[in-house]
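*Asks:* Okay, here's the structure, questions in a sec.
The values are calculated or read from the model by the stated rules, or taken from the named source; none is laboratory data. Bear in mind the structure is a predicted one, so any value in this text is a computation, not a measurement. Glycine also receives a Cβ, built like all others from the backbone with ideal geometry; neighbour counts cover every protein chain displayed.
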Amino acid sequence: MKNQKDMRTPLSRVRGLGSSRGGTHHFWHQRITALANIPLTLFFVFVMASHLYAPHAQAATFIAQPFVAAPLLLLVISLCWHMRLGLQVVIDDYLTTPKLKWAALIFNQFFAISVAVVAALSLIKLVVA
């Protein structure tokens, strides 16, 4: 028997999603990227610290190695994705004007993608050169 107080559609009940329509998915993506950022950031700090006083050419040659460049590229992707997710939560929670929220969410997407593309292209330029 159907509960009379349940205002959800049959499709909504079958999918089992709450009012946020995917908050758990967003929550887990943010936590997974945060977890991935820990070893990747430690690797980045190690690479930068080990070449702190090295000449530019030596540091660039070291970073251009595939086993160094690949984790750095993963770090760029993970950091930008995590940044986008985190800022999206802040925008959703604190902006109440629909047009401003919409504009901020679009800007957030473009900013995160732009940062990722510029950082990735810079890294790729080091690897190819």
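*Asks:* For the stretch 74-117, give me the residue count where each residue is modelled with pLDDT under 95 and within 23 Å of I63 (Cα to Cα).
*Replies:* 0
*Asks:* Applying the selection to the stretch 78-103, what residues are surrounded by fewer than 16 Cβ atoms within 10 Å (Cβ to Cβ) and under 17 Å from V115 (Cβ atoms)?
*Replies:* If the condition is that a residue be surrounded by fewer than 16 Cβ atoms within 10 Å (Cβ to Cβ) and under 17 Å from V115 (Cβ atoms), then G86, V90 are the ones that fit.
*Asks:* Oh, and also: Could we say that A116 is in a helix (DSSP H, G or I), within 16 Å of the chain's Cα centre (by Cα) and surrounded by 14 or more Cβ atoms within 10 Å (Cβ to Cβ) here?
*Replies:* Considered against the rule, which asks whether it is in a helix (DSSP H, G or I), within 16 Å of the chain's Cα centre (by Cα) and surrounded by 14 or more Cβ atoms within 10 Å (Cβ to Cβ), A116 comes out as yes.
*Asks:* Determine, yes or no, whether L123 is over 24 Å from F27 (Cβ atoms) and either surrounded by 14 or more Cβ atoms within 10 Å (Cβ to Cβ) or touching a strand residue (DSSP E or B) at 6+ places or on another chain (Cβ under 6 Å) (or both).
*Replies:* yes
*Asks:* Going by what's in this entry, would A64 be described as under 15 Å from the mean Cα position of the chain (by Cα) and of a type in the set (G, A, S)?
*Replies:* Answer is no for this residue.
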